[in-house]
Amino acid sequence: MGQTALVGDTQPVLVTPEPVVTVRDICKRYRKQIAVEGVDLTIQPGEIYGLIGPDGAGKSSLMKAIAGVLTFDRGQLEVFGERIDSEAAAERVKGRIGFMPQGLGLNLYAELSVEENIDFFAALREVPPELLAERKHKLLTMTRLENFLDRPMKQLSGGMKQKLGLICTLIHEPKLVILDEPTTGVDPVSRRDFWAILADLLRERGITALVSTAYMDEAARFHRLSLIYAGRVLAEGEPDQIRQQAPGSLIEIKVEPQIEALRRLKVKFPQTEAVGAVIRVFVAVASTEQATEQVKAVLDGLAIDDIHGIETELEDAFVALLRQRHLADEQAAANPQIPVTTAAPTPIGGEIAIEAAGLSREFGDFRAVDNVSFKVMSGEIFGLLGANGAGKTTVIKMLTGILPPSGGSGQVAGANMHSASQAIKERIGYVSQAFSLYQDMTVLENIRLYARIYAVPRKQINQRTEWVIEMAGLAGVENRLAGKLSMGIRQRLALGCALVHRPQVLFLDEPTSGVDPIGRRRFWDILMQMARVEKVAILVTTHNMGEAEHCDHLALMHAGQIITDATPEQMKLSLQRDAGELLEIVTDQPLMALQIVEQAGFEGAALFGQRIHLLAKDPEQAGRQIAALLAQKQITLLGIHPRIPSIEDVFVYRIMAREQEARSR
Amino acid sequence: MNLHRIKAIIYKEWREILRDRLFLSLAFFVPVSMMLVFGYGIKMDVENIPFAVLDQDRSAMSRDYLHLFMDSRYFDYQGDVQNERELEPLLADSKIRFAIIVPPRFQENLLSGRPAPVQSLIDGTFPFRTATSKGYVIAINNAFNGKLLAGFISKKMGLSPEQAASLVQPVKLELRYLYNQELKSIWSIAPAMMMFILMMTPPFLTALGVVREKENGSIYNIYSSTVTRAEFLIGKLLPYLGISAVNVVILWFMAAQVFGAPFKGDPLFFFLASVVYDSCTTGIGLLVSLFANTQVAAMMITVVVTIIPSVLYSGLLVPIASMDAASQFEAHLFPAMYYTDIAIGSFLKGIGMEQLWGRAGALLLYTLVLWLVSYLLFHKRVRA
């Protein structure tokens, strides 16, 4: 499918067109650091091509090289048929390229207004005034920014900044847009908006797009993609093709006691993870029945509540591919062992470990946190989910006694937030966004330092240090400098340091952003262990919707407020109750089909790569209606089936509902 | 070269500067406050040296002798002490910098033709001031000796005191100070401060302005567009050059009006030469910005590369002519020296184009080289 142009409105183009970008064996290193090593890829006109990989995988370097703003050391690059081997050659294609670098709105000018920003980019690109007026109007309407023309860019929200960035990149109507992590840290509603706008433009102007992301769950948005890890391409192709490269089944189990099941499964199936109350096991067997039998055999004697197969995700394939190529070795060397415990783990519940009651915080006129209340039980993993700037960090800072609240109260580990902030600090562990490790000290020195800071009795320091090393899987790297560790290990060290004094409550602020999937899974293993066995109450913030599924309980934050507060399953159920089933439609002409479905008035219709998602109260009837509509326009319907909604679907629906409510008032 | 794109970049840059309060105050407030602080702070004049007196003779002649010091504008009489022990704490606390002790029988010794020793104690902690103070003490002492000798001769030979005085000093030195008749150090310092401030602030602003774009990534808008290198550099630098040109006028006004330094030269030549000097120092900032990746690094490098030449090799502290050969050579390598000559020449000496064209030419050459090197080093397809 990716081989044919998607521009044509009527008939698919049969001739294979010239590729827009051809990359052959490109290498790029910064001094000794290898960024890109032997990457090959081809981007066809009209497609949205994705680069997916964790931070530091080499995505940005590759994109900059293609945009002609970064040199490379070896290999061949052709853009629009032009060999890019010099600055002069790069200049020749820059007029047809739009490039948006990484960092939300960072390439825009904070002091300039929305319109001034657009005008500046237009002037740089010599857009004639008549065309500029027309395009500006169109793009502003599409992004719903037309009412904010005079607002300085620095006062825009994250999602608006990102849309403005997109307008500025598109104002000269490039033939190829290169967008570096445009959706990182943006709220899910803006993310959907963004993808919709991109798909629209693609449909209208035949623009080719190269987009990178660190979110595996965005893979479905791309026509084709490359999985990038440590400067190499792990797999290339359509999302489904990549999934098939690592065939297997994903089995979801509800079993008691969870921690014992986890321990057993880990031995046989390395790709086992606890997701909230369930366990997901990736079994490298295509048949779901066989896989289920294998899992059951391992769990013999435990009380299995429920066991069924679900669709595998790209992340499972990614991890499986990493394992196949032994790229996970470094991580595996420091594999944290789940220690065998004799004490029978008790279920969640019991006492309240964290309680926020009507917490508010103002910064000048700006209300960062607005009347936030929730409870976290001991042994529970509680997720505070929201976009950058939603107020998550401010909530944590207030609860940990770093920031005094403007209103409301809170209890942490049995101490009052107002009167006993010192007591709180002694009873909690806190891992901040930028892990507060001392880069020039070794792993051991860092742990010992934190033990002394938290006044661990002298006699226990050695024992606690050993415990941290074992628990966090740091054996073998004790004498390495913290600054020289990989992101994933550094993050486990930060976690270990925060746990050295046996806190009852653990706060984690965006702990896994930028960590690769394997590292992230290890990290969650440890959190699970701490919660289920050590009975630590864990409050974790994240803007990654996929990660949120690991939590026992979730609170969605938006613009300083908690929008909804429930377990992930309850959230999905209530979405299905309020808005209907999530349907996935596969057709041969997705862009046309989307237009038709939107015109027919279906709620939440959005394009995910080649598929369309929408919400329908009565799925049967909706299915029939859509089939009829598509048949009228001679579009072949390849499939239509219900899907389990994701947390992101929930978030988007809830925010939209709230905004609609606010508008109607 | 596309004028529309240059204009777009200038306009954008200018907007950003105007709306960023911190940056705007940095652009205008810092030069003015530097001028005030240094103008009032650096005093090279050694005057009003506080001193105390221990007169153990208490005679008419000892009072005559001491009055020569008390009446001098170079010394500031703080009072008499009763014995030597009292002097030490005063000197130690810097209450006085100089003390003079007239021993007993000062008058008696002099009248009977014997030498009369006088002890002077000078604070040696500031060698420059000490050397100057010593010069004053010797000069006053000589004057007293001369007066004594003249008195003796006039009495012995029956001459009038004037005739006697001319006999004692057969060679009479007539002193006239040129350019700075009153030897006011501020007259020389104010123009030199213009050199110093215009050496520091334009590179600061330029380096921060460019590196800021590198730091937050907006430089990629330039890299990835069809704007040429020259268009970007011109558009980016002109606003900063404009700010510096305004600062030339402000500092010029302050030097002349606030500090009273006379301006005797050609205003047009001085202004143009100053703008060339600004372009030159702006070029230094540009060059720095190509190597620095963070604003902090840009600031540090700018301080190092601008302060050292402008303080040590400009003639601000030590005249170039009194440096050793190697330092003189180094001084000629930095632009600061040429502009110091232009500023002092225009203010105090009243000279212009005819005498200073060579120095202005050196600055122009310097500017061209800096801009050209920056142009060649600036790339839109970078290595890292």
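Are any of the residues in the range B:165-178 open to solvent by 40 Å² or more (accessible area, probe 1.4 Å), part of a helix (DSSP H, G or I), among the acidic types (Asp, Glu) and more than 14 Å from chain A (Cβ to nearest Cβ)?
Within the range B:165-178 (the criterion being open to solvent by 40 Å² or more (accessible area, probe 1.4 Å), part of a helix (DSSP H, G or I), among the acidic types (Asp, Glu) and more than 14 Å from chain A (Cβ to nearest Cβ)), the answer is no, since none of the residues qualifies.
What's the total number of residues in the range B:66-109 that are open to solvent by 10 Å² or more (accessible area, probe 1.4 Å), in a helix (DSSP H, G or I) and not charged (D, E, K, R)?
Of the residues in that region, 9 qualify.
Given the criteria among the polar types (S, T, N, Q) and under 26 Å from the mean Cα position of the chain (by Cα), does A:Asn544 qualify?
yes
Only residues that are assigned to a strand (DSSP E or B), modelled with pLDDT under 90 and touching an Asp or Glu at 6+ places or on another chain (Cβ under 8 Å): list them for the range A:361-403, please.
Once the filter is applied, which keeps residues that are assigned to a strand (DSSP E or B), modelled with pLDDT under 90 and touching an Asp or Glu at 6+ places or on another chain (Cβ under 8 Å), the range A:361-403 yields only A:Ala368.
Out of the range B:226-256, which residues are within 12 Å of chain A (Cβ to nearest Cβ) and small (Gly, Ala, Ser)?
The one that is within 12 Å of chain A (Cβ to nearest Cβ) and small (Gly, Ala, Ser): B:Gly235.
Hey, among A:Val431, A:Val477, A:Val443, which residue is at pLDDT 90 or above and either assigned by TED's automatic domain parsing to the domain that holds A:Met557 or surrounded by 18 or more Cβ atoms within 10 Å (Cβ to Cβ) (or both)?
A:Val443
Going through the range A:137-148 one residue at a time, which ones are of a type outside the set (A, V, I, L, M) and either assigned to a loop (DSSP other than H, G, I, E, B) or within 8 Å of chain B (Cβ to nearest Cβ) (or both)?
A:Arg144
Matching residues to (1) of a type in the set (Asp, Glu); (2) under 22 Å from A:Gly50 (Cα atoms); (3) surrounded by fewer than 20 Cβ atoms within 10 Å (Cβ to Cβ):
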| position | (1), (2), (3) |
| --- | --- |
| A:Phe72 | no, yes, no |
| A:Asp85 | yes, no, yes |
| A:Gln102 | no, yes, yes |
| A:Gly105 | no, yes, no |
| A:Glu111 | yes, no, yes |
| A:Phe121 | no, no, no |
| A:Arg125 | no, no, no |
| A:Met142 | no, no, yes |
| A:Gln162 | no, yes, no |
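Condition test on B:Tyr11, is it aromatic (Phe, Trp, Tyr), part of a helix (DSSP H, G or I) and in the same structural domain as B:Arg97 (by TED's automatic domain parsing)?
no
Can you tell me which condition A:Ile381 does not meet? The list is (1) within 21 Å of A:Met557 (Cβ to Cβ); (2) touching a residue at least 40 places away in the same chain (Cβ under 8 Å); (3) open to solvent by 70 Å² or more (accessible area, probe 1.4 Å), and all the others hold.
Of everything listed in (1) within 21 Å of A:Met557 (Cβ to Cβ); (2) touching a residue at least 40 places away in the same chain (Cβ under 8 Å); (3) open to solvent by 70 Å² or more (accessible area, probe 1.4 Å), A:Ile381 misses just condition (3).
If I ask for residues that are among the charged types (D, E, K, R) and part of a helix (DSSP H, G or I), which ones from the range A:442-483 would you list?
A:Glu445, A:Arg448, A:Arg452, A:Arg458, A:Lys459, A:Arg464, A:Glu466, A:Glu470
Just to be sure before I move on: is A:Arg151 away from chain B (no Cβ under 12 Å) and surrounded by fewer than 19 Cβ atoms within 10 Å (Cβ to Cβ) in the structure I sent?
Taking the combined requirement at face value, the residue satisfies it.
Evaluate the range B:291-306: report whether one residue or more is away from every other protein chain (no Cβ under 14 Å), in a loop (DSSP other than H, G, I, E, B) and buried (at least 20 other Cβ atoms within 10 Å of the Cβ).
There is at least one residue in the range B:291-306 that is away from every other protein chain (no Cβ under 14 Å), in a loop (DSSP other than H, G, I, E, B) and buried (at least 20 other Cβ atoms within 10 Å of the Cβ).
Take the residues in the range B:262-273 that are under 18 Å from B:Trp187 (Cβ atoms) and in a helix (DSSP H, G or I), then tell me which one is least open to solvent (accessible area, probe 1.4 Å).
This residue is B:Phe270.
So is B:Tyr223 within 14 Å of chain A (Cβ to nearest Cβ) and not aliphatic (A, V, I, L, M) or not?
yes
Looking only at strands (runs of 3 or more DSSP E) that lie completely in the range A:511-597, which have at least 2 residues being at pLDDT 85 or above, of a type in the set (D, E, K, R) and within 30 Å of A:Arg203 (Cβ to Cβ)?
It comes to A:581-587.
Is it fair to say A:Asp240 is open to solvent by 60 Å² or more (accessible area, probe 1.4 Å) and more than 16 Å from A:Gln324 (Cα to Cα)?
Judged against the criteria, A:Asp240 is not a match.
Please list, ordered by residue number, the strands (runs of 3 or more DSSP E) wholly in the range A:28-136 having 2 or more residues that are at the interface with another protein chain (Cβ under 8 Å from one of its Cβ atoms) and of a type in the set (A, V, I, L, M, F, W, C).
Where strands (runs of 3 or more DSSP E) fall fully within the range A:28-136 and carry at least 2 residues being at the interface with another protein chain (Cβ under 8 Å from one of its Cβ atoms) and of a type in the set (A, V, I, L, M, F, W, C), they are A:97-100.
When both residues are 6+ apart or on different chains and their Cβ atoms are under 7 Å apart, which pairs have a first residue that lies in the range B:61-75 and is under 17 Å from B:Pro117 (Cβ atoms), and a second that is modelled with pLDDT of 90 or more and of a type in the set (Asp, Glu)?
Within 7 Å, the pairs are B:Ser62/B:Asp55; B:Leu66/B:Asp55.
Tell me which residues, restricted to the range B:1-10, are at the interface with another protein chain (Cβ under 9 Å from one of its Cβ atoms) and surrounded by 17 or more Cβ atoms within 10 Å (Cβ to Cβ).
The answer is B:Arg5, B:Ala8, B:Ile9.
Every residue in the range B:17-57 that is within 13 Å of another protein chain (Cβ to nearest Cβ) and open to solvent by 20 Å² or more (accessible area, probe 1.4 Å), please.
B:Leu18, B:Arg19, B:Asp20, B:Arg21, B:Leu22, B:Leu24
Suppose we filter B:Arg97, B:Arg114, B:Arg105, B:Arg176 for residues that are modelled with pLDDT under 85 and basic (Lys, Arg); which single one remains?
Answer to the check: B:Arg176.
What are the pairs, 6+ residues apart or on separate chains, where a residue within the range A:259-274 that is of a type in the set (Lys, Arg) has its Cβ under 9 Å from a residue that is modelled with pLDDT under 85?
Pairs that qualify, where the first residue is of a type in the set (Lys, Arg) and the partner is modelled with pLDDT under 85, are A:Arg263/A:Ile338; A:Arg263/A:Val340; A:Lys266/A:Ile338.
What single numbered condition from (1) without any contact (Cβ under 8 Å) to a residue 12 or more places away in the chain; (2) of a type in the set (S, T, N, Q); (3) surrounded by fewer than 22 Cβ atoms within 10 Å (Cβ to Cβ); (4) part of a loop (DSSP other than H, G, I, E, B) fails to hold for B:Ser225?
Here B:Ser225 clears every test but (3).
Only one of B:Lys134, B:Lys147 is surrounded by 15 or more Cβ atoms within 10 Å (Cβ to Cβ) and not assigned by TED's automatic domain parsing to the domain that holds B:Lys349. Can you tell me which?
The conditions single out B:Lys147.
The values are calculated or read from the model by the stated rules, or taken from the named source; none is laboratory data. Remember, it's a predicted structure, so these values are computed and weren't measured experimentally. FYI the Cβ positions are ideal-geometry reconstructions off the backbone, even for glycines, and counts take in every protein chain you see. Accessible surface areas use protein heavy atoms only, side chains included; no ligands, DNA or RNA. Shrake-Rupley method; radii C 1.70, N 1.55, O 1.52, S 1.80 Å.
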